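Enquirer: The following block contains the structure, expressed as structure tokens.
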Amino acid sequence: METVRAFRVGDAYLFDRYFEREYLFEALAEYYDDTEYRFEVPAEAFETVQSRLADAGIDLVSVDDPEPYCVVTGAYEPHADILREAVVSWTRRDHRFFLLPDDRAVAAAVDDGARPVSETEFVAGL
């Protein structure tokens, strides 16, 4: 079963996933934010979406602690490749933060010069 991480942010779960099976995207289209290129599922709908994806062989896992999936760069350092993978990004104190979907994306971001937020003085609060 494929795993997709959904990050709890406030009253919603955020995840970024391209579904090659069109019927899956259509089933979840009401939760897709096409300006942010991610799904935003209200907390009360999470279990329904989780069940729908499980039926398609996708394990939607809730993540309450984003820190292991968060990296940081200087605000003016190159970051286009990291941004492309990010579920969400934000800027604080001249630094750019990226919440990434999985360990592979975190490792790639670190290879591109980002630092895991856990290795900085920052926290991963959104």
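The values are calculated or read from the model by the stated rules, or taken from the named source; none is laboratory data. Treat the numbers as computed from the prediction; the structure is a model and nothing was measured. So basically every Cβ, Gly included, is an ideal-geometry build from the backbone, and we count neighbours across all protein chains shown. Ligands, DNA and RNA are excluded from the accessible area calculation, which covers all protein heavy atoms including side chains. Shrake-Rupley method; radii C 1.70, N 1.55, O 1.52, S 1.80 Å.
Enquirer: Return the calculated 222 nm mean residue ellipticity for the chain, to the nearest 500 deg cm²/dmol, obtained by summing -39500 (n - 2.57) across DSSP H runs with n ≥ 4 and dividing by the residue count.
Expert: Numbers: 4 runs with 32 residues, N = 126.
About -7000 deg cm²/dmol.
Enquirer: Ok, one more. Under 5 Å between amide H atoms, partner at least 5 residues away or on a different chain: which partners does Ala86 have, H built in plane at 1.01 Å?
Expert: The answer is none.
Enquirer: Please give the solvent-accessible surface of Asp65 in Å², to the nearest 10, using a probe radius of 1.4 Å with every protein chain present.
Expert: Taking all protein chains as shown, Asp65 has close to 90 Å².
Enquirer: Next question, about the same structure. How much accessible area per residue does the chain have, counting only protein heavy atoms and a probe of 1.4 Å, in square angstrom? List each step's numbers first, then the result.
Expert: Working: 7250 Å² over 126 residues.
Accessible area per residue: 58 Å².
Enquirer: Right, next: If you roll a 1.4 Å probe over the chain with all protein chains in place, what percent of the accessible area is carbon or sulfur?
Expert: Working: 3290 of 7250 Å².
In the chain, the share of accessible area belonging to carbon and sulfur is 45 percent.
Enquirer: Okay, next question. Answer with one residue from Ala12, Phe122, Pro101: the one whose Cα lies farthest towards the positive end of the charge dipole of the chain, charges on Cβ with Lys, Arg +1 and Asp, Glu -1.
Expert: Result: Phe122.
Enquirer: Would you mind putting 75-81, 92-98 in packing order, based on average other-beta-carbon counts within 10 Å, highest first?
Expert: On the way: 75-81: 12.6, 92-98: 16.3.
Sorting 75-81, 92-98 by mean packing, highest first, produces 92-98, 75-81.
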